[in-house]
Every structure is written in C-alpha cells, then in structure tokens.
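Okay, structure first, notes after.
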Amino acid sequence: MTNDNSSFKAGKRVLILFPPFHDNLYGEKWKKSESPFAPLGINYLATPLVKAGYQVNIIDFQVDHLSKVQYFNSFKNTDFVLISCFTFAYDNIQKIISDIKATNDKAVIICGGPFCNETQNHIDNADITVFGEADLMIVKILGLIEEGKTLTNIPGLCYKHDGVIKRNPGILNVENLDCVDVPLFNLTANKDYGYVYGIKIRDFFPIITTRGCPFKCTFCTFQSVKYRERSVENVIQEINIRVDEGAKYIVFCDDNFLLHTKRANAIFDYFIKRELNIKIIIQGRVDMIDYNLALKMKQANVIMLIFGIESVNQDVLDFYNKKTTIEKIKQVIEIVNNVGIITISGLIIGAPIEEMKHFENIIEFFNKTPQDFINVNILRYQYPSPLWVQANMNGFIKDNEMLVYADEKLSNFSYEALSGIQKKIIRSFYNNPKRIIRIVYKVSKHFGIFMVFKILFIYMSKTIYRTPQEFHR
C-alpha cells in the first residue's frame, strides 16, 4: 500500500490489542491461553500501518503476561488504540477501555472485529466502531483523524460527532482479497505461541486463503459474510514468504479450504512440485473429500485434517443444517486414516432434540471409527445465529444475552449435566488402547519419536481429558 503522507504519519503510535478471554488481565492471577500462532486478524491490521510509517505495538492478552505497571504504561504513550472485539470478552474490553481513558484521555480508541460485525452495535465508550473488514481502509481512517477531517465518506463507521452517535451506512468489505497485504509477523514473532495441549511446536505459520462461508449452519454467526477466495498465485506468494521465514508447519485456517477441489489441488501441486519440506494442517468439511483428494494431500505432506463434523446423529446433523450424512463422515475418516493423515473432529452437544441415546451413539460411533483426536464443545447460542434468533423469539434468551450456553432452558439437560456428559465422551474416546497405539504411530511418523513421549505424558497427566472451556472460555 502506498503512503502519500509518510512524513506526517512518522512517529504516530498505534497500539493493537487482542483481548483476554479470562477475567484477569495482568498480575499474578493472569491465566495463559493456548495459542498455536498469533491471531491473523491483528497482523492483517498491523501490516498496512507498519508499511505506512506508523509505530505499531501489539499486545495479545492471551500470551502477554503484564504486570500492573506494564499494563498501564502501555497506554500512556500511544495515539491510537485498536481493539479486536469478541462477544465472550466484552466485559474485559470495557475494563480495558476504561483503563485507557483513565491513563491517556487523548488516545483514540477504535474497535472492530467479530462482535462488532455480528451485532452491528457501537462499542460503549469507544471513539469509533468499525463494521466489516478494515484491512484496506485503516491507514486512511487514521490519516483522516490525524488531519481532523470528516469520516462521513467511509462506510461502516460509527462514531460520536457533536455529542451524537453517527453511523455511516454500509460496511467495509474487501472484494478482491489479492489486494490485501500479506501479513507481517515480526511484531508477534517473539511472543509465546506454539502450544497445543501444553506441547510447544515451533515455526507454526497460519495462512488464510478465503473469507466468509457459503454454508448456513444454524449455530454459526457468520450468516451474511460473502464467501471470497484469494487466487492460487497470491496464496503461493505467501507460501514462499513463509518458507523463506523458516516455516516448518503451515496451517491453512480457512473453514472451507477444500471447497473447490481444483483450486486446492493447484496449491497442493505446488508443494509437491517444489518438494517443500513443510508439514501442512488443514480445516475442512468432510463432504469435500474423496480418496483421490486424500492421496493428493498425503503427497503434498498434509499431516493433519481438522473437521467440524458437529454430530454423528443424523437428526442432529439435520437440525444444524450441516448438509452431510453419518455415512459420509465415517467413510472420510476411514479414507484419511488409510493414507496416514491425523484427524481431529469437533463435536457439539446440547441440541434441544438430543437425549441420552444421542450421546451413547457418539461413544459407540467412535469406538468403531479410526478417529485420532476430538474436541467436544457444549452448544453456544450466539447472536445473530439462527439458533439464537429462534430461542430469543421463543423467550428462552433475553435481548441482552448475546452468548448463552445450552442449559435446561435450551436443551434436555442442565449445563452441569452437559459438562459431565462432555467429560464422559472425552474419557471414553481416549481410553481406547487401539486409539492410543494409532496416535503414537502417527505422531512418531509426522513429528518424530520425541513427540511420542510428550503425547504419553499428556495421557498420564490427564491433560488429554481437558475440555475446551478449560483452555479458555
């Protein structure tokens, strides 16, 4: 991105904050969350600002352990504070905003991110709320503020003008993803990322090649985000950058990386042709995979596939509008296992139609299926997902309850009962001798024998039984 006002921008300081999901922000009770790599969103935001000449600093409260003095000092010498907002971190965000204003009342606080996009609500006490994707406009927005010019021509902004909250129509949207700067990771390079189940894995690099989702799962909040793809050439450009930076693992973070087989194959072919010594991890839907694609992934050195299968009960899959079948899920897990790729599946429990027999079916299904790892989550009703909207219309969720976990009002079980069922499923899954042997074999093949000892340690320490909410909630 070109910069026409570099001399004006030079010296201007920007602090970008990724909020904590735990209550404690700093000090002795601060709690670290496992983070395999730096959040992509804040690096995408930081990159054009760095290139425009701003002095940018990033604090990720998930991994940055600050003392109280460090915490408040970080707000003192900054001109702009950009905060990434999430529903389950809203209270912490409000505390941070209050602390910033008490420390540096001249700093301009700009909020954006998932919560803002989902609710389309202005963040209380922020100076500006951004709706949509700010990658291509953040430099312009800050420039207009510095110059004291009007923001009325920028779509998707909410701000106070003459004491009145104004909302510019529209949202910020990036139609051509190839126009977005490839993110720089130098600002987060020295932070303590790389942990999975307490195991440190180095040289992880995330890449996202698409935005949005064409599917309409009823629990998902991204119902109106248009699906877009980066070109294969643009993705390859970033792959080469990560290789030069010493990547040993590349994680494609797309929800639907495998959506278009021709495009995915072209990217895999590049890894194969170049004989890149890079291990690949992918997220994807099971219904996109057949044997030929699985074999191509194996040749490209894909070592792990992460599926959001959500359930192995057909009525629950239909309730979630997953548009797949139990037979397809079983078939794909077996295909992927046969080519030697590690599989991780995400499950959701707590749908209002679920009874105890559904959970028993889950246990029975995985006793017969060569799945390697699972994550079992309790259903979240989050605004503006169709599930939340329906529950709100039925009077089970109040307008101000933006995030609610399934409980006795929303399911046939209390939250405490679902937590017990969650733990039972996880323990049953991992207390399987055949699975342990298979995991040890695959892990040693892909990560080396030293990693096997770490896997065995997390079994013995019971870390493998931890629920997702124990990592962060």
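Read-outs throughout are calculated quantities, based only on the coordinates presented, and are distinct from any laboratory measurement. Model, not experiment: these values are computed from the prediction. As a convention, Cβ positions derive from the backbone with ideal geometry for all residues, glycine included, and neighbour counts pool all protein chains shown.
Does a label point 7 Å from the Cα of I437, set along Cα-to-beta-carbon, have any residues of the stretch 317-335 with amide nitrogen under 20 Å, and which are they?
Only 334-335 pass the distance filter.
Give a quick list of GluC sites (Glu not before Pro) in the stretch 22-122 that DSSP marks as loop, anything other than H, G, I, E or B, with at most 12 other Cβ atoms within 10 Å. Before the final figure, lay out each step's value.
Details: sites: E28, E34, E118; in loops: E28, E34.
Within the stretch 22-122, the qualifying GluC sites (Glu not before Pro) (loop, at most 12 other Cβ atoms within 10 Å) are E28.
Within the stretch 133-218, how many Lys pairs sit with Cα atoms under 28 Å apart, leaving out pairs fewer than 8 places apart on the same chain?
Working: K140/K149; K140/K160; K140/K166; K149/K160; K149/K166; K191/K200.
Total qualifying Lys-Lys pairs in the stretch 133-218 comes to 6.
Let me have the relative contact order for the chain, percent, based on Cα pairs under 8 Å that are six or more residues apart.
Working: 799 pairs, mean separation 54.0, N = 473.
Reported relative contact order: 11 percent.
Taking amide hydrogens as modeled 1.01 Å from N in the peptide plane, which residues meet the under 5 Å criterion relative to Y405, leaving out close sequence neighbours?
When sequence neighbours closer than 5 places are left aside, the close amide H contacts are Y381.
Tabulate in residue order the Karplus-calculated ³J(HN,Hα) for the stretch 155-172, using 6.51 cos²θ - 1.76 cosθ + 1.60 with θ = phi - 60°, rounded to whole Hz; enter x for Gly and Pro.
Values per residue, Gly and Pro as x: x, x, 10, 10, 7, 8, 9, 6, x, 10, 6, 10, 10, 6, x, x, 9, 7 Hz.
Which stretch or stretches of the stretch 60-92 have amide N atoms under 18 Å from the point lying 7 Å from N400's Cα along the Cα→Cβ direction?
In the stretch 60-92, the label zone of N400 (backbone N under 18 Å from the point 7 Å along Cα→Cβ) covers 87-92.
Could you compute the FRET efficiency for H446 and V164, with r as their C-beta to C-beta distance and R0 at 45 Å, rounded to 0.05?
On the way: r = 58 Å, r/R0 = 1.28.
After rounding to 0.05, the efficiency reads 0.20.
Run the helix sum for the chain: -39,500 (n - 2.57) per DSSP H stretch of 4+ residues, divided by residue count, reported at 222 nm to the nearest 500 deg cm²/dmol.
Working: 17 runs with 176 residues, N = 473.
Taken over the chain, the calculation gives -11000 deg cm²/dmol.
According to a simple spin-label model (label point 7 Å from Cα along Cα-to-Cβ), what is the distance in nm between D105 and L456?
6.3
Taking the simple approach of a point 7 Å from Cα along Cα-to-Cβ for both E408 and N367, what is their distance in nm?
3.0
³J(HN,Hα) across the stretch 274-291 via Karplus (A = 6.51, B = -1.76, C = 1.60, θ = phi - 60°), whole Hz, x for Gly/Pro?
With the stated coefficients, the stretch 274-291 comes to 7, 6, 6, 8, 10, 8, 10, 10, 9, 9, x, 7, 5, 6, 8, 10, 10, 4 Hz.
Assuming R0 = 45 Å, what is the FRET efficiency of E327 and D244, from their Cβ-Cβ distance, to the nearest 0.05? Please report the intermediate quantities before stating the final value.
Values: r = 44 Å, r/R0 = 0.97.
Efficiency at R0 = 45 Å is approximately 0.55.
Tell me, rounded to the nearest percent, the portion of alpha carbon pairs in the stretch 350-431 spaced more than 23 Å apart.
Result for the distance tail: 30 percent.
Find, to one decimal place in angstroms, the Kirkwood hydrodynamic radius of the stretch 1-121, where the mean of 1/r is taken over every pair of different Cα atoms and then inverted.
Numbers: mean 1/r = 0.0664 Å⁻¹.
Hydrodynamic radius (Kirkwood, Cα pairs) of the stretch 1-121 is 15.1 Å.
Length gain on complete extension for the stretch Y197 to S67, per 0.36 nm per residue less the alpha carbon to alpha carbon distance? Please report the intermediate quantities before stating the final value.
On the way: separation 130, 0.36 × 130 = 46.80 nm, distance 2.58 nm.
So the extension gain works out to 44.2 nm.
Restricting attention to the chain, give the cysteines that have no other cysteine Cβ less than 4.7 angstrom from their Cβ.
Lacking a cysteine Cβ partner under 4.7 Å: C85, C111, C116, C158, C179, C213, C253.
Express the Stokes-Einstein translational diffusion coefficient of the stretch 124-271 in µm² s⁻¹, to the nearest whole number, given a Kirkwood radius over alpha-carbon pairs, 37 °C and a viscosity of 0.692 mPa s. If you can, show how the numbers build up before the last one.
Details: Rh = 18.3 Å.
Roughly 179 µm²/s, to the nearest whole number.
Per 0.36 nm of contour for each residue apart, how much would the distance between Q55 and Q314 grow if the chain were fully extended, relative to their Cα-Cα spacing? Walk me through the numbers before you get to the answer.
Working: separation 259, 0.36 × 259 = 93.24 nm, distance 5.26 nm.
Here the answer is 88.0 nm.
Subtracting the Cα-Cα distance from 0.36 nm times the residue separation, let me have the gained length for R427 to I353 in nm, one decimal. Mind dumping the intermediate values first?
On the way: separation 74, 0.36 × 74 = 26.64 nm, distance 2.36 nm.
Between R427 and I353, full extension yields 24.3 nm more.
Which whole-Hz ³J(HN,Hα) couplings does the stretch 30-46 yield from phi under the Karplus relation 6.51 cos²θ - 1.76 cosθ + 1.60, θ = phi - 60°, glycine and proline marked x?
For the stretch 30-46, the Karplus-derived couplings read 4, 10, 6, 9, 5, 9, x, 7, 5, x, 5, x, 6, 6, 5, 6, 5 Hz, x marking Gly and Pro.
Taking a quarter of the surface of the convex hull around the Cα atoms of the chain, what do you get in nm²? If you can, show how the numbers build up before the last one.
Numbers: hull surface 90.1 nm².
Reported value for the Cα convex hull: 22.5 nm².
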